[in-house]
Amino acid sequence: MLDVEHDEYAELRESVARFAREVVAPVIGDYYERCEFPYDIVAKMGAMGLFGLPIPEEYGGMGGDYFALCLALEELARVDSSVAITLEAAVSLGAMPILRFGTAEQKARWLPRLATGEMLGAFGLTEPGGGTDVPGGMRTTATLDGGEWVINGSKAFITNSGTDITGVVGVAAITGHRERGGRTVPEISTILVPAGTPGFTVSKKYSKVGWSASDTRELSFSDCRVPEENLLGERGRGYAQFLQTLDEGRVAIAALSVGLAQGCVDESLRYAGERVAFGREINRYQAIQFKIADMEVRTHTARLAYHHAAERMLAGLPFKKEAAIAKLVASNAAMDNARDATQIFGGYGFMNEYPVGRFYRDAKILEIGEGTSEVQRMLIAREMGVPGA
Amino acid sequence: MNIVVCVKQVPDTATERKLRSDDKTLDRDAADGVVNELDEYAVEEALRLKEAHGGEVTVLTMGPAKATDTIRKALAMGADKAVHLSDDALHGSDALSTSYAMAQALKKIGFDLVILGSESTDARTGVLAAMLAERLGAPQLTLARKVEVDGSAIVIERITDYGYDKVEATLPAVVSVVEKINEPRYPSFKGIMAAKKKPVETLGIADASVDASAVGLAAAYSEVAEFSAAPPRAAGTVVKDEGDGGAKAADFLASKKFI
């Protein structure tokens with residue numbers, strides 16, 4: 001197993017936990033209420049190097065690994081998911097594909113500013129007509145014309161795509177068609193589109209059920225032209241690129257989910273020790289004790305699941321199934337814990353000013369984003385050898 | 001500029017803190033040790049001065065072996081190296097003998113500027129900066145909310161009840177800081193990794209030319225004669241509003257001499 005108590009991981013966890021407690025917790029409720037992106041918190045996250053955790057030092061990163069990122073996500077989400085998803089999307093979806101697949105020039109151009117959080121990256125895969133259904137639901141196209149890609153289409157639910165500090169969006173697009181096994185299939189590639197490129201329009205923020213202090217937008221591309229060299233990695237490799245990106249991302253979302261589940265445990269344990277009903281603190285009632293025990297079990301199990309997936313990832317072993325299991329278990333844990341924590345808090349749990357109210361609103365998306373729970377089950381079954389659809 | 005930051009490991013204020021029944025000294029095993037909060041501001045200020053003027057930041061701590069955690073935290077924030085003054089003979093030292101031992105270590109290390117928090121959250125004597133300055137024959141600039149260095153000149157803003165005093169001196173000097181001075185950074189992962197490779201020199205009392213008879217519990221001028229646990233928190237008083245809630249609340253506050 002990964003040595004999570006190992007000095008540097010433990011110290012990083014402690015450092016981020018303290019940051020979350022001291023910097024995020026006191027103010028995030030207000031940002032959430034106003035649906036406002038917390039630029040000052042993001043700047044401080046950048047100053048402590050969170051955006052550069054898995055990025056090598058030569059690109060201005062911290063020279064850590066993906067597990068370090070997961071630990072940071074968990075500790076942030078224990079207090080608030082909006083800032084956690086901002087970090088997750090910026091690093092896992094924005095920076096990592098450039099690090100993994102980018103040319104030397106692309107890495108040199110983008111990574112130093114992405115690693116410090118001075119600039120946020122985003123990844124445009126999902127479209128209004130489909131998320132996981134690629135290429136079936138994909139309509140966005142990019143065609144070469146005079147040394148430039150001309151992009152047309154739209155993208156939906158793209159995190160970090162419309163902030164003042166958004167620098168670049170990786171856009172998955174159909175760049176042609178290929179013959180494969182006697183069938184003509186779309187060729188998918190990823191193209192880096194700098195923020196502010198003419199023809200690239202960012203719509204206003206969605207009104208969301210949760211993650212209210214994060215930035216999520218619909219994007220549209222109308223004859224948006226970028227240089228040919230903005231192609232990320234090889235032409236036609238877009239599908240393989242985002243499959244790898246999403247496998248890693250699932251471990252990160254599992255970590256974030258575990259953080260939310262743990263936040264529910266923390267809050268419930270504290271509140272149940274203070275709240276008096278029928279003459280006793282409610283933590284003396286078995287109905288509450290069992291709920292808290294169940295919450296702890298879910299959190300613990302989900303944490304082990306994501307640690308295991310991360311361990312395989314870092315060891316270079318196949319981890320697709322483990323990542324899907326971790327994401328499924330952890331998002332369930334987050335949802336169930338949020339429901340139980342809200343129940344323990346009673347009427348106060350339904351108030352936005354208490355963290356559990358935020359946890360409740362933030363939990364549901366974890367069963368949807370980065371592949372729905374149904375998609376996770378499909379992936380797990382496929383990894384077990386059952387035939388594809 | 002050669003800056004030495006004095007940091008102290010203290011029991012976490014969020015946990016229950018106790019004195020030992022045998023020798024009436026702090027029970028360091030009973031609570032988690034953390035960096036004294038004001039010392040984090042001192043480390044931050046030292047790092048900012050180094051970033052602005054160049055030089056080196058050395059962390060100095062006096063404490064048992066367990067205090068290495070505190071040293072590592074300061075190194076993870078960005079300090080360059082550390083000196084750990086650690087010796088069983090130092091156990092139970094009061095503020096006077098602590099200042100003596102620390103001053104001896106500081107003379108050995110050498111410094112242009114010594115920075116420390118204005119007090120610790122455990123003993124809270126708040127006298128160490130003044131004592132160190134006296135023993136080192138250096139000017140003392142205490143309770144700083146701002147520090148500026150220009151060549152060998154140093155100017156601080158010292159907080160007072162009425163605002164602040166501007167105090168000037170020439171380096172080498174001793175400065176103590178208050179929490180208004182800055183916002184300490186959180187250690188980054190790179191800082192945490194780098195801290196493991198930074199040199200930490202451990203000094204016993206002989207290495208620092210500290211006279212054993214002048215330190216420790218036996219040499220302390222002050223003594224804890226007696227102590228008792230804080231009384232358990234009493235049940236609160238509920239004021240029922242029957243049209244006179246305001247007056248009752250005021251009476252209660254007056255009875256406690258708050259108003």
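The values are calculated or read from the model by the stated rules, or taken from the named source; none is laboratory data. Fair warning: this is a prediction, and the values are worked out from it, not measured in the lab. Note: ideal-geometry Cβ built from the backbone for every residue, glycine included; neighbour counts use all protein chains shown. For accessibility, only protein heavy atoms count, side chains too; no ligands or nucleic acids. Shrake-Rupley method; radii C 1.70, N 1.55, O 1.52, S 1.80 Å.
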Some residue of region B:220-227 being among the hydroxyl-bearing types (Ser, Thr, Tyr), at pLDDT below 90 and open to solvent by less than 20 Å² (accessible area, probe 1.4 Å)
no
Do we have residue A:244 as at pLDDT 95 or above, open to solvent by 10 Å² or more (accessible area, probe 1.4 Å) and in the same structural domain as residue A:302 (by TED's automatic domain parsing) here?
no
Test set (1) part of a strand (DSSP E or B); (2) open to solvent by less than 20 Å² (accessible area, probe 1.4 Å); (3) over 30 Å from residue A:366 (Cα atoms) - residue A:169 fails condition number:
(3)
Pick from region A:128-166 the residues that are open to solvent by less than 10 Å² (accessible area, probe 1.4 Å) and part of a strand (DSSP E or B): which of them is nearest to residue A:95 (Cα to Cα)?
A:158
Would you check which residues across region A:241-276 are among the aromatic types (Phe, Trp, Tyr) and farther than 19 Å from residue A:79 by Cα and list them?
A:242
Scan the helices (runs of 4 or more DSSP H) fully inside region A:282-389 and keep the ones with 1 or more residues being touching a residue at least 60 places away in the same chain (Cβ under 8 Å) and farther than 25 Å from residue A:25 by Cα.
A:286-315, A:320-345, A:373-383
Residue B:202, sole failed condition from (1) farther than 28 Å from residue B:100 by Cα; (2) in contact with a His (Cβ under 6 Å, 6 or more places away or on another chain)
(1)
Lone unmet requirement of (1) surrounded by 18 or more Cβ atoms within 10 Å (Cβ to Cβ); (2) within 25 Å of residue B:148 (Cα to Cα) for residue B:101
(2)
Could you please let me know if residue B:210 is out of contact with any Ser or Thr (no Cβ under 7 Å at 6 or more places or on another chain), crowded, with 18+ Cβ neighbours inside 10 Å, closer than 30 Å to residue B:22 by Cα and more than 14 Å from chain A (Cβ to nearest Cβ)?
yes
Looking across region A:35-46 at residues that are surrounded by 16 or more Cβ atoms within 10 Å (Cβ to Cβ) and assigned to a helix (DSSP H, G or I), the single one that is farthest from the other protein chains (Cβ to nearest Cβ) is A:42
How many of the residues making up region B:127-157 are of a type outside the set (A, V, I, L, M, F, W, C), under 29 Å from residue B:223 (Cβ atoms), within 17 Å of the chain's Cα centre (by Cα) and open to solvent by 40 Å² or more (accessible area, probe 1.4 Å)?
1
Exactly one condition in (1) facing chain B (nearest Cβ under 9 Å); (2) open to solvent by less than 10 Å² (accessible area, probe 1.4 Å) is false for residue A:64; which is it?
(2)
Looking at B:230, B:144, can you tell me which residue is away from every other protein chain (no Cβ under 14 Å) and under 29 Å from residue B:19 (Cα atoms)?
B:230
For region A:88-96, check the following and say yes or no: at least one residue is on the phi > 0 side of the Ramachandran plot and within 14 Å of chain B (Cβ to nearest Cβ).
no
Residue that is farthest from residue B:73 (Cα to Cα) [pool: residues in region B:166-194 that are aliphatic (A, V, I, L, M) and part of a loop (DSSP other than H, G, I, E, B)]:
B:171
Among the residues that make up region A:167-187, is at least one of them modelled with pLDDT of 95 or more and out of contact with any strand residue (DSSP E or B) (no Cβ under 7 Å at 6 or more places or on another chain)?
no
Residue B:106 - would you say it is open to solvent by less than 40 Å² (accessible area, probe 1.4 Å) and more than 19 Å from residue B:206 (Cα to Cα)?
no
Residues of region A:207-234 classified as buried (at least 17 other Cβ atoms within 10 Å of the Cβ) and either at positive phi or not polar (S, T, N, Q) (or both), total
14
One residue from A:14, A:5 being facing chain B (nearest Cβ under 10 Å) and modelled with pLDDT under 95:
A:14
Checking the conditions here, which among A:225, A:270 is at pLDDT 95 or above, more than 30 Å from residue A:374 (Cα to Cα), assigned to a helix (DSSP H, G or I) and not β-branched (Val, Ile, Thr)?
A:270
Within region A:76-83, identify whether any single residue is within 11 Å of chain B (Cβ to nearest Cβ), part of a helix (DSSP H, G or I), open to solvent by less than 10 Å² (accessible area, probe 1.4 Å) and modelled with pLDDT of 95 or more, and answer yes or no.
no
Qualifying residue in region B:145-158 (condition: in a strand (DSSP E or B) and among the polar types (S, T, N, Q)):
no
Out of (1) open to solvent by 10 Å² or more (accessible area, probe 1.4 Å); (2) in contact with a Pro (Cβ under 8 Å, 6 or more places away or on another chain), what's the single condition that is false for residue B:54?
(2)
Subset tally (residues that are at pLDDT 95 or above and in contact with a Lys or Arg (Cβ under 7 Å, 6 or more places away or on another chain)) for region B:83-99
0
Positions within region A:52-61 being outside any helix (DSSP H, G or I) and either away from every other protein chain (no Cβ under 12 Å) or under 16 Å from the mean Cα position of the chain (by Cα) (or both), in sequence order:
A:53, A:54
By residue number, the members of region A:265-317 that are in contact with a Pro (Cβ under 9 Å, 6 or more places away or on another chain) and not acidic (Asp, Glu) are A:312
Taking the stated definitions as given, is residue B:67 open to solvent by less than 40 Å² (accessible area, probe 1.4 Å), out of contact with any helix residue (DSSP H, G or I) (no Cβ under 8 Å at 6 or more places or on another chain) and either of a type in the set (S, T, N, Q) or over 30 Å from residue A:8 (Cβ atoms) (or both)?
no
Tell me which residues, restricted to region B:70-80, are within 12 Å of chain A (Cβ to nearest Cβ) and open to solvent by 20 Å² or more (accessible area, probe 1.4 Å).
B:72, B:73, B:78
Can you name the condition, by its number, that residue B:183 falls short on among (1) surrounded by fewer than 18 Cβ atoms within 10 Å (Cβ to Cβ); (2) away from chain A (no Cβ under 14 Å)?
(2)
The strands (runs of 3 or more DSSP E) lying entirely within region B:1-113 that contain at least 3 residues which are touching a Phe, Trp or Tyr at 6+ places or on another chain (Cβ under 8 Å) are B:2-7
